[in-house]
Amino acid sequence: MGNTFLLLSIILLFPLALISGIISPFNSPQTITGELKYVVIVDGARSDNPLEIVSFQCTISLKIKDNKVESITASNFIINNIPNSISYRFQEFVKTLIIKWFNSFSLFDKVESNSKTYISVNGRIVEAYIVPRDNGVEYREASTGLYVGGDNELQISIETISPVHLRYKYNLSIISYLFSIEPEQLINSFAIVEPPTIIVRNSTIIIAAAITVLAVRTLVKWKDYSIM
């Protein structure tokens, strides 16, 4: 009986050992030409008036050619709170924010870290390094070094002209993450985590068969195990 349970333990643990840490091999870095889309969530307040809160999110689209940015646009705004001091210049505020945000990091930077995370891009699981920076944290795709997300602290200024000339400074927290890349085949150059479906299916069949055999064996030898 002891040997039987030992055999069952080996059968149960073997597929788990195979499943853990299975990642598709890294492909050689290549230049990217296409469109990257990030969700950008902004929260913050005016530096001299913490009660004047800024809170919104949007989609930032970057047109890329050979790893260089050709254009940046913002769309799909969800506005939670915009103070009166910038409400009528919101477009200028966002433009300044995007430029400042994008200039706070390099789009491609081949770095490594002992810490990793995983994000979903185009429905695929992508492995990324967690890289600390002076103004926050960056997530870098493990194979290409592409910026796939982060949490940055920024300060931007916006001027008002009417009725008087004023300059307001805002301290902002910007959370961003990549959720779409086009054309879709570009994601094949990323470090993709592939669920081992064949191993899981075969292991499940083996485990189910082992449990069935043990159950039948127990029923057959019920007289030996029962207490009279």
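The values are calculated or read from the model by the stated rules, or taken from the named source; none is laboratory data. A quick note: this is a predicted structure, and the numbers were derived from the prediction, not measured. As a convention, Cβ positions derive from the backbone with ideal geometry for all residues, glycine included, and neighbour counts pool all protein chains shown. Heads up: the accessible areas ignore ligands, DNA and RNA and are worked out on the full protein's heavy atoms, side chains in. Shrake-Rupley method; radii C 1.70, N 1.55, O 1.52, S 1.80 Å.
Keeping the other protein chains in place, figure out the carbon and sulfur percent of the accessible area of the range 30-194, with a 1.4 Å probe. Let's see the in-between values first.
Numbers: 4010 of 8260 Å².
Here carbon and sulfur together make up 49 percent of the probe-accessible area.
I need the calculated FRET efficiency for the pair residue 165 and residue 47, taking r as the beta carbon distance and R₀ as 30 Å, to the nearest 0.05. Before the final figure, lay out each step's value.
Values: r = 18 Å, r/R0 = 0.60.
After rounding, the FRET efficiency stands at 0.95.
For the range 30-194, the number of Lys pairs separated by eight or more positions or lying on different chains, with C-alpha atoms closer than 22 Å, is 19. Take every pair of alpha-carbon atoms less than 8 Å apart whose residues are at least six positions apart; their mean separation over the length of the range 30-194 yields a relative contact order of 25 percent. Surface exposure of the range 30-194, expressed per residue as accessible area with a 1.4 Å probe, stands at 50 Å². Does a label point 7 Å from the Cα of residue 194, set along Cα-to-beta-carbon, have any residues of the range 119-142 with amide nitrogen under 13 Å, and which are they? Only 125 pass the distance filter.
If you stretched the chain out fully between residue 110 and residue 79, how much longer would it get, using 0.36 nm times the residue separation minus the C-alpha to C-alpha distance? Can you show the working numbers first?
Working: separation 31, 0.36 × 31 = 11.16 nm, distance 3.45 nm.
Using 0.36 nm per residue and subtracting the Cα-Cα distance, I get 7.7 nm.
Test of understanding: what is the full-extension gain from residue 89 to residue 59, defined as 0.36 nm times their sequence separation minus their Cα-Cα distance? Result: 8.9 nm gained on full extension.
Could you calculate the contour length gain from residue 125 to residue 185, that is, 0.36 nm times the residue separation minus the distance between their Cα atoms, to one decimal place in nm? Intermediate results must be reported in sequence, preceding the final value.
Numbers: separation 60, 0.36 × 60 = 21.60 nm, distance 1.42 nm.
Value of the extension gain: 20.2 nm.
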